[in-house]
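Reviewing the structure listed below.
A short reminder: the numbers here are calculations on the coordinates, not readings from a lab. Only a predicted model underlies this, so the values are computations on that prediction, with no experimental measurement involved. We place every Cβ from the backbone using ideal geometry, glycine too, and count neighbours over all the protein chains shown.
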Amino acid sequence: MIIYDHRSRLNVVLEGEFTCPHCQTRRPYLHKRLDRYLTLFFISTIRLGKLEEYVECQTCGNRYFVTILNPAPGQVEPPTGRPPKSFEKWAWIWAGVGGGGFLLASFLTLFLIVFQLTDSAGPTNNWQGTVGLFVLCPVPLGLASLGLAVWGVMKARKVKRARGEV
């Protein structure tokens with residue numbers, strides 16, 4: 001079994017409009033970056049570095065160096081760019097997953113409390129097991145989920161601010 005490896009992944013950094021040299025007019029573009037990630041059990045975890053970065057015209061499909069986005073001194077229309085809308089969508093998805101995990105941990109805690117109080121052995125006979133269950137199960141899950149939800153909301157706000165929608 002492979003525990004760790006590295007994998008390359010293509011990420012969209014920006015989308016916007018620029019003057020395409022091939023089309024000779026304003027066209028939509030995607031600013032793409034090929035990154036290398038450390039993978040643990042086939043999950044990309046840590047970004048190791050940038051392999052390639054380019055701008056791709058969405059009309060003709062040609063690729064250009066990123067320097068084409070830097071406006072020339074006599075250029076009237078500078079290129080526009082902002083993070084894609086999908087960045088915000090994924091941030092809200094992660095916030096929802098975190099919120100769902102927090103609710104799951106809350107229900108698990110409630111279930112453990114009710115089970116311990118209504119067990120035939122009584123609520124005072126197994127206090128070590130009760131504390132152990134709370135420490136091992138719902139508390140770490142709840143804290144991790146709450147952190148994921150807060151991170152998702154902060155990331156979504158950051159993307160909205162970068163897009164100029166706030």
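Observations on the structure shown:
- Label point distance in nm, His6-Trp151, each placed 7 Å from Cα along Cα→Cβ: 2.3
- Full-extension gain in nm, Lys85 to Ser44, via 0.36 nm per residue minus C-alpha separation: 12.6 nm
- The chymotrypsin sites (Phe, Trp or Tyr not before Pro) of region 6-63 that meet both conditions, a loop assignment by DSSP and at most 15 other Cβ atoms within 10 Å of the site Cβ, are Phe41, Phe42.
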